[in-house]
Amino acid sequence: MPKTNKSMGTAVDAEAAFYDAIARADIQALMALWADDDEIVCVHPGGGRLIGHAAIRASWEAVFERGAVHISVSRLHETHNMLTAVHSIVEEIHRSEGRQPDLHIIATNVFLKTPQGWRIVIHHASVAPGPAPSHQPPGTVLH
């Protein structure tokens, strides 16, 4: 799998590059951000679990065939240690720039620190019902 020449210094850098590649529909750049591991996983909203580079690449190629996808990422919650980072985010999906979001997605991105820098090992996204969640103060119990 071709890797990017740019080392991702942090998981936040890798995540920014991930969403930039999606916005540009750049399959090469997108796939270069995944870990060089046969067990990488991607779950698209409403889809099944995809395992491995070939399945993940084919799925993103199908997404890119439908046109540009503009994703605004907000409400990052991150947990990390020296070798892994887990990001829980809200993705607002815009099929046309400048419009209100068409839908919002709750996503989890898991990164692994490799000799080449931070790489994605899991991207799991689910459609969230209703309006985008507002920021909850720490300690707020929702259920």
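The values are calculated or read from the model by the stated rules, or taken from the named source; none is laboratory data. Predicted model only: the values in this text are computed from it and were never measured. Note: ideal-geometry Cβ built from the backbone for every residue, glycine included; neighbour counts use all protein chains shown.
Taking the criterion of being closer than 23 Å to Ala11 by Cα and either at pLDDT below 60 or in contact with a Leu (Cβ under 8 Å, 6 or more places away or on another chain) (or both), the residues of segment 109-137 that qualify are Leu112, Lys113, Trp118, Arg119, Ile120, Val121, His135.
Of everything in segment 70-85 that is polar (S, T, N, Q) and in a strand (DSSP E or B), the residue that is modelled with the highest pLDDT is Thr84.
Check segment 46-64 and report whether any residue there is touching a residue at least 60 places away in the same chain (Cβ under 8 Å) and surrounded by 14 or more Cβ atoms within 10 Å (Cβ to Cβ). Please lay out each step first, then the result.
Kept after step one, since they are touching a residue at least 60 places away in the same chain (Cβ under 8 Å), are these residues of segment 46-64: 46.
Next, only the ones that are surrounded by 14 or more Cβ atoms within 10 Å (Cβ to Cβ) stay: none.
No, segment 46-64 contains no residue that is touching a residue at least 60 places away in the same chain (Cβ under 8 Å) and surrounded by 14 or more Cβ atoms within 10 Å (Cβ to Cβ).
Can you tell me which condition Glu91 does not meet? The list is (1) at pLDDT 90 or above; (2) of a type in the set (D, E, K, R); (3) within 19 Å of Val127 (Cβ to Cβ); (4) surrounded by fewer than 17 Cβ atoms within 10 Å (Cβ to Cβ), and all the others hold. Exception for Glu91: condition (4).
Here's the yes/no breakdown for (1) closer than 22 Å to Thr114 by Cβ; (2) charged (D, E, K, R):
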position	(1), (2)
Ala23	no, no
Asp36	yes, yes
His44	no, no
Glu65	no, yes
Ala68	no, no
Leu76	yes, no
Thr79	yes, no
Met82	yes, no
Glu92	no, yes
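Every residue in segment 49-69 that is β-branched (Val, Ile, Thr) and modelled with pLDDT under 95, please. Selection gives Val63, Val69.
Can you find even one residue in segment 1-8 that is modelled with pLDDT of 90 or more and either under 15 Å from Arg119 (Cα atoms) or not in a loop (DSSP other than H, G, I, E, B) (or both)? Within segment 1-8, not a single residue is modelled with pLDDT of 90 or more and either under 15 Å from Arg119 (Cα atoms) or not in a loop (DSSP other than H, G, I, E, B) (or both).
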